[in-house]
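Step one of this worksheet: look at the structure below.
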Amino acid sequence: MEKVTLQDVQTARETIKDIVKKTDLLESTKLSEKTGANVFYKCENLQKTGSFKLRGACNKIANLTEQEKANGVIASSAGNHAQGVAFGATMTGIKSTICMPATAPLAKVSATRGYGADVILEGTIYDDAFAKACEVQKETGATFLHPYDDRFVIAGQGTIGLEIFEQLDGKVDTVLAPIGGGGLISGLATALKGLNPDIKIVGVQTDNIPSMRESLKNGKVTPAFNDVTIADGIAVKTPGDLTFSIVKELVEEVVTVTEEEIADAILFMMESQKIVSEGSGAVCTAALMTGKYVPKKDENVVCIISGGNIDVNVLYRIIGVALARAGRRFSFSVLMNDQAGSFNQITSILSENGGNILTVNQGKISAGEAINKQTADFTIETTGFDHIEQIKKSIEEKGFKLI
C-alpha cells in the first residue's frame, strides 16, 4: 500500500491553490473558557461548496489521465464529496455521476445537481451508495473517485493541516477532526505529524456509527453501524484500508459522541460563534463540551468544522431538540375543566411566570375518559430547568393537572 507523505500534501497544495480558499481560523472564546485550553475553529464550512471535500476531489481530478477524464467520473458520497467532485468535474469539462444515500439532506442533493452532476439516490447510508456506484461504474466504464481511500484525496485534505500550522505559527498542540471513512484525519495527521511529530491528533465519531474506533479496537478494518445519524457526513460503516493504516499509525485517540450532544454543539456554535455547522462539523465541539476529550490547560487546540451544508428543515428540528435539552423549550399538556375561563387561567399563569407561548392546541377528552374535561397542549420558551419547575408548580397550585 503506497504511503502518503508530507511531500504529497505540499504538492497537492500547489495543485489546488487557485481553486480552494484558505479558510479562516477563529478562536472560540466560550469554548476556551469552558475547557481551559485555547480553542480554535478551522472553518471549512466557509470553503467553496461548503466543505473541505473540495480539496481532495480537485486534487484527485487534477491527477487523472486524459483517458480517465474522457471516460467521465463517478463517485459515491453522503453529500460533500459529491459537491466537490461535481464542482471539480464541471470546471474541468468532465461528465460526473454521483451516487448518494436517499437519506442525504435535500440541500446537498440539490447543490450537487446544481454543480452539474447526474445524481442517483440509493440506500440509507454511504455504504449503500458506494455499492451502487461500483455497479454503475462497471456498466459505464466511468472513472471511480473514492471519497477517502485514495492517496490524492488524502493529500488534498491534508492541505488543511498546512494552513493550520501556518496560521498558528507552528504552535499547534492538538487537532480534533471528525472521522467517517478517514480521509480528512489521515491527511491532517500526515501533514501535521510531518511538520511536528509531537502534535496530537484526535478523531471524533458518532456513537451510532463508530466504525474507525471499532476498527482500532480490533486491529483491523471493522464495519460498525448502530443507527442513522444527524452527522450524515461521517455516516460511513466501513473505513478505508489506506486510511485505517494511517490512523492506526498517526492518530492518538478516537472518541465518540451522541446524537443529542451533536445537536447541543450545533446550537452552541450558532449562538457563541455565529457559525452554522452540519452535524459532522459539530462533533469536535461536542467532544470538548461533554469532556469526551479533555485538553490540557492553555494548550492550542484546533477543531475542524468540516462542513456547513445542513438542510434548514433539519437544522430547525435539531435546534428544537437542543433547546429542550437545555431547558429553554418546554412542551406539556394540562387537564382542565371544560368551562369558560379555564384556558385563560392557564395562559395567565404562564404570562405571570414569564413563559412565552410558542404553540398551543386545545381539544376535548372523550366522555369515556373524563366527563366535562379538556386538554391543552403547550410549547413554551423558558430560561432553564428552574424556570420550568416554577411554572409547573404554579399550574398545579391552581388546581390544574399536568399530563
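Consider the stretch 130-173. How many of its residues are in a helix (DSSP H, G or I), at pLDDT 95 or above and not charged (D, E, K, R)?
Number of matching residues: 14.
Take the residues of the stretch 111-127 that are at pLDDT below 90, part of a helix (DSSP H, G or I) and out of contact with any strand residue (DSSP E or B) (no Cβ under 7 Å at 6 or more places or on another chain): which is farthest from A75 (Cα to Cα)?
Residue satisfying both the conditions and the ranking: A111.
Looking only at residues that are outside any loop (DSSP other than H, G, I, E, B) and surrounded by fewer than 17 Cβ atoms within 10 Å (Cβ to Cβ) in the stretch 83-110, which one is nearest to the chain's Cα centre (by Cα)? If you could, list the steps in order and put the result at the bottom.
Filtering the stretch 83-110 for residues outside any loop (DSSP other than H, G, I, E, B) gives 83-92, 96-100, 106-110.
After this cut, where a residue has to be surrounded by fewer than 17 Cβ atoms within 10 Å (Cβ to Cβ) as well, the list is 90-92, 106, 110.
Numbers: T90: 26, M91: 27, T92: 29, L106: 15, S110: 18 Å.
Only one residue tops the list, namely L106.
Please enumerate the residues belonging to the stretch 266-284 that are part of a helix (DSSP H, G or I) and more than 10 Å from the chain's Cα centre (by Cα).
Within the stretch 266-284, L267, F268, M269, M270, E271, S272, Q273 qualify.
Do we find that K60 is under 20 Å from L184 (Cβ atoms), surrounded by 21 or more Cβ atoms within 10 Å (Cβ to Cβ), touching an Asp or Glu at 6+ places or on another chain (Cβ under 8 Å) and in contact (Cβ under 8 Å) with a residue 12 or more places away in the chain in this structure?
yes
So is R317 free of Cβ contacts under 8 Å to residues at least 12 places away in the same chain and not polar (S, T, N, Q) or not? Walk me through it before giving the result.
Values: free of Cβ contacts under 8 Å to residues at least 12 places away in the same chain: yes; not polar (S, T, N, Q): yes.
So R317 fits the description; yes.
Just to be sure I understand the filter: pairs with C-beta atoms under 8 Å, separated by 6 or more residues or on different chains, first member in the stretch 125-148 and outside the structural domain of S211 (by TED's automatic domain parsing) and more than 9 Å from C99 (Cβ to Cβ), second member aliphatic (A, V, I, L, M) and surrounded by fewer than 17 Cβ atoms within 10 Å (Cβ to Cβ). Which pairs pass?
I125/V228
Which of the residues spanning the stretch 192-241 are of a type in the set (D, E, K, R) and closer than 27 Å to Q7 by Cβ?
Residues satisfying the conditions are K193, D198, K200, D241.
Please determine, by comparing only the residues of the stretch 140-159 that are of a type in the set (G, A, S) and crowded, with 24+ Cβ neighbours inside 10 Å, which one is nearest to L250 (Cα to Cα).
Within the stretch 140-159, the subset of a type in the set (G, A, S) is 141-142, 155-156, 158.
Restricting the remaining residues to those that are crowded, with 24+ Cβ neighbours inside 10 Å gives 155-156, 158.
Numbers: A155: 15, G156: 17, G158: 13 Å.
Result: G158.
If you take the residues of the stretch 176-234 that are among the β-branched types (V, I, T), in a loop (DSSP other than H, G, I, E, B) and within 20 Å of the chain's Cα centre (by Cα), which of them is surrounded by the most Cβ atoms within 10 Å (Cβ to Cβ)?
Of all residues in the stretch 176-234, those among the β-branched types (V, I, T) come to 179, 185, 190, 199, 201-202, 204, 206, 209, 221-222, 228-230, 234.
So of that shortlist, the ones also in a loop (DSSP other than H, G, I, E, B) come out as 179, 199, 209, 221-222, 228-230.
Next, from what is left, pick out any that are within 20 Å of the chain's Cα centre (by Cα): 179, 209, 228-230.
Working: I179: 32, I209: 28, V228: 16, T229: 24, I230: 24.
Among residues in the stretch 176-234 that are among the β-branched types (V, I, T), in a loop (DSSP other than H, G, I, E, B) and within 20 Å of the chain's Cα centre (by Cα), the one surrounded by the most Cβ atoms within 10 Å (Cβ to Cβ) is I179.
Can you list the helices (runs of 4 or more DSSP H) found entirely within the stretch 6-82 that contain at least 2 residues being closer than 21 Å to Q273 by Cα?
In the stretch 6-82, the matching helices (runs of 4 or more DSSP H) lie at 29-35.
For the stretch 246-290, name all the residues that are surrounded by fewer than 18 Cβ atoms within 10 Å (Cβ to Cβ) and either under 29 Å from T5 (Cα atoms) or out of contact with any helix residue (DSSP H, G or I) (no Cβ under 7 Å at 6 or more places or on another chain) (or both).
Within the stretch 246-290, K248, E249, E252, E253, T258, M270, E271, K274 qualify.
Show the residue pairs that are 6+ apart or on different chains and have beta-carbon atoms under 6 Å apart, the first residue being within the stretch 286-310 and modelled with pLDDT of 95 or more, the second being surrounded by fewer than 24 Cβ atoms within 10 Å (Cβ to Cβ) and of a type in the set (F, W, Y).
Between residues of the stretch 286-310 that are modelled with pLDDT of 95 or more and residues that are surrounded by fewer than 24 Cβ atoms within 10 Å (Cβ to Cβ) and of a type in the set (F, W, Y), the close pairs are A287/Y293; V302/F40.
The values are calculated or read from the model by the stated rules, or taken from the named source; none is laboratory data. What you see is a predicted model; the values in this text were computed from it and never measured. All Cβ positions, even for glycine, are placed from backbone atoms using ideal geometry, and neighbour counts span all protein chains on display.
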